[in-house]
């Protein structure tokens, strides 16, 4: 059985490094309109998420797996509710570590 490489965990500022690639973004859903959600990323940046299904969120914090279309937008592949209490600042540190000099231990 082959193991797959995990999707990089990103914040807003890391998105530009992964245009065209699959990523994991956790944030607070702030608004929805049509088939888009505006999500506050862990570092405070706002990301547009093109939704693959209706915007029926049952929690404030959501993990999106998606493909980065632009430095501020991803297209959703899947999502997981993370509840209504989640520490974004701690998650932001995880993003920086996993995509930085310590990335090898997260791969």
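Filtered by the rule that a residue be touching a strand residue (DSSP E or B) at 6+ places or on another chain (Cβ under 6 Å), part of a loop (DSSP other than H, G, I, E, B) and closer than 15 Å to residue 22 by Cα, segment 41-71 gives 51, 52. When residue 5 is tested against the conditions (1) within 18 Å of residue 93 (Cβ to Cβ); (2) in contact (Cβ under 8 Å) with a residue 40 or more places away in the chain; (3) out of contact with any strand residue (DSSP E or B) (no Cβ under 8 Å at 6 or more places or on another chain), the lone failure is (1).
Screening the candidates 85, 75, 38 for the property of being modelled with pLDDT of 95 or more, under 11 Å from the mean Cα position of the chain (by Cα) and not in a helix (DSSP H, G or I) yields one hit, 75. Within segment 13-35, the set of residues being part of a loop (DSSP other than H, G, I, E, B), farther than 16 Å from residue 71 by Cβ and touching a strand residue (DSSP E or B) at 6+ places or on another chain (Cβ under 7 Å) comprises just one member, 35.
The values are calculated or read from the model by the stated rules, or taken from the named source; none is laboratory data. Note that this is a predicted model, so its numbers are computed, not measured. All Cβ positions, even for glycine, are placed from backbone atoms using ideal geometry, and neighbour counts span all protein chains on display.
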